[in-house]
Amino acid sequence: MDQAPGSPQGPQNQGPSEARELPVCYRHPDRETGIRCTRCERPICPECMVDASVGFQCPECVRTGSGTGHAPAASRPRTLAGGAVTADPRLLTKILIGINLGVFLLQMSLGDTFTNHFELVGRASFSISGPIEGVAEGQWYRLLTAMFLHGSYIHILFNMLSLWWIGGPLEAALGRARYLALYFVSGLAGSALTYLIAAPNLPSLGASGAIFGLFGATAVLMRRLRYDMRPVIALLVINLIFTFGWSNIAWQAHIGGLVGGVVVGYAMVHAPRERRALVQYGVCALVLAAVVVMTLVRTAQLT
C-alpha cells in the first residue's frame, strides 16, 4: 500500500463574493459556516454541530438543556453521528499516528525479520529453507498488523500527513468510538480484498486502506452537510490515478478501504436517530462479516 493524498480543506457551496459574507463559528473564529444553531441561532462549524431532532444545535444549548424541559445534565452534547463531544476531538488521530510511528521505529531497529513476520502475505516462504507463512497458514493477524507497517520514510510521511488532515476533522464529526470503528473496519476491508485478489506471495503493508476509508467517509459527510462535492471528486480521481498508475501500490487495499469507508460512513451519518447505534455498528458488523468471508474463500483456494 502506498501513500494516500490529503483531504479537502473545508469546501463551501458559495462563490468567492458570497463566501466573504459568511459568518464565523462562535467557538472557532477562523472557520466560516452557513449553519446556525436552531435554538440560539449562533453560527456553528461542523465540529461544533450537535445533531438534533430538527437541524443542529450548538454544544452550549444542548449542555444547558435550553428549551428542552430537562435538567442540564439530562442531555449531553453529541456530534453529527451521535458521538460524545470531547475536549480534544483529535485525540485518537494523535494516538493512531503515534502507534504508526512507533511501529515504524521498530521496523527500522529490528529490520526485515520483524516486517516479514507482520506484513500482509497470503502464502509464501521468506527464505529457501524457511517455513510457509501467511494468512492462508492461519496467520490472520497479518490482516490487522499490516495496517501499521510502512515500507519507507516517504511512505509513512504521506500516510501520516493524510491521516492528520483527514482523520482529525472526521473524528470530531463522528466521535471517538465511531471514528475508531470506521478506521479499523476500512483497514481490514482493504487487507481482505488484497488477500483475496493479489498474488499470495506478494507482500503488502501500510495504513492506506484505512486512510482511503476515512477519505470515503469524508466524502459522504460532506455530501450530508451539502458542501460542494467537486473538490472531493477531483481528489478521488487523483487518488485513483496514483493508485492504478504508480508501480508497487496495492490498489486492492485502496479500493477495499474506500468501499468499506463509504459504506460505514453512510451508515454513520445517515442512520435514523431512534436506531442510530444499532444501524451504525450493525453495518460495521456486516462489513467485518464480508472480511471474514473473503478471507475464508481465499484460504480455501490456497490450501
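Every read-out reported here was derived from the displayed coordinates using simple, explicitly stated rules and does not represent laboratory data. Keep in mind that what you see is a predicted model, and the values were worked out from it rather than measured. Positions of Cβ are generated from backbone atoms using ideal geometry, with glycine treated the same way; all protein chains shown enter the neighbour counts.
Specify the angular offset, from 0 to 90 degrees and rounded to the nearest 10, of the alpha carbon long axis of helix 153-162 from the longest principal axis of the alpha carbons in the chain.
The angle comes out at about 30 degrees.
Okay, helix-only estimate at 222 nm for the chain: each DSSP H run of n ≥ 4 adds -39500 (n - 2.57), divide by all residues, round to 500 deg cm²/dmol; what do you get?
-17000 deg cm²/dmol
How large is the convex hull of the Cα atoms of the chain per residue, expressed in Å³ as a whole number?
Convex hull volume per residue, Cα atoms: 132 Å³.
For the chain, what is the charge dipole size about the Cα centre, in debye to the nearest 20, if Lys and Arg each add +1 at the Cβ and Asp and Glu each add -1 at the Cβ?
840 debye
Mind ordering 145-151, 209-215 by average Cβ neighbours within 10 Å, highest first?
Highest-to-lowest ranking by the protection proxy: 209-215, 145-151.
For the chain, build the charge dipole from Cβ charges (+1 Lys, Arg; -1 Asp, Glu) around the Cα centre, then report which of 269, 52, 283 sits farthest towards its positive end.
So the residue we want is 52.
Given Cα pairs under 8 Å that are at least 6 residues apart, what percent is the relative contact order of the chain?
Dividing the mean separation by the residue count of the chain yields 21 percent.
Which cross-chain or sequence-distant (5 or more) residues have an amide H under 5 Å from the amide H of residue 250, H modelled 1.01 Å from N in plane?
Counting only residues 5 or more places away or on other chains, the set is 2.
Can you tell me the dipole magnitude for the stretch 195-303 around its Cα centre, using point charges on the Cβ only (Lys, Arg +1; Asp, Glu -1), in Debye to the nearest 20?
Dipole size: approximately 340 debye.
Can you tell me how much longer the chain between residue 101 and residue 302 gets when fully stretched, taken as 0.36 nm per residue apart minus their C-alpha distance, in nm with one decimal?
Extra length available between residue 101 and residue 302 comes to 69.0 nm.
Based on the Cβ-Cβ distance of residue 84 and residue 64, what FRET efficiency does E = 1/(1 + (r/R0)^6) give at R0 = 22 Å, to the nearest 0.05?
After rounding to 0.05, the efficiency reads 0.85.
Among 160, 268, 229, whose mean-square fluctuation peaks in a Gaussian network model of the chain (Cα, cutoff 10 Å)?
Result for the chain, Cα springs under 10 Å: 229 fluctuates most.
Using only Cα atoms and rounding to the nearest 10 degrees, what angle (0 to 90) does helix 276-302 make with the longest principal axis of the chain?
Its long axis makes an angle of about 10 degrees.
Would you kindly derive the ³J(HN,Hα) couplings of the stretch 163-173 from the backbone phi angles with the Karplus curve 6.51 cos²θ - 1.76 cosθ + 1.60 (θ = phi - 60°), listing them in order in whole Hz, with x for Gly and Pro?
So the J values, rounded to whole Hz, are 4, 5, 5, 8, x, x, x, 5, 4, 5, 7.
Picking from 35, 109, 187, whose Cα lies most toward the positive end of the charge dipole for the chain (charges on Cβ: Lys, Arg +1; Asp, Glu -1)?
After comparing all options, I get 35.
GNM, the chain, Cα, under 10 Å: largest mean-square fluctuation among 199, 253, 277?
199
To test your reading of the geometry: what angle, between 0 and 90 degrees and rounded to tens, separates the Cα axis of helix 251-270 from the longest principal axis of the chain?
With rounding to tens, the tilt is 30 degrees.
Across bins of 10 angstrom width beginning at 0, how are the C-alpha pair distances of the stretch 146-303 distributed, in whole percent?
Bin by bin from 0 Å, the calculated values are 11, 41, 34, 13, 1.
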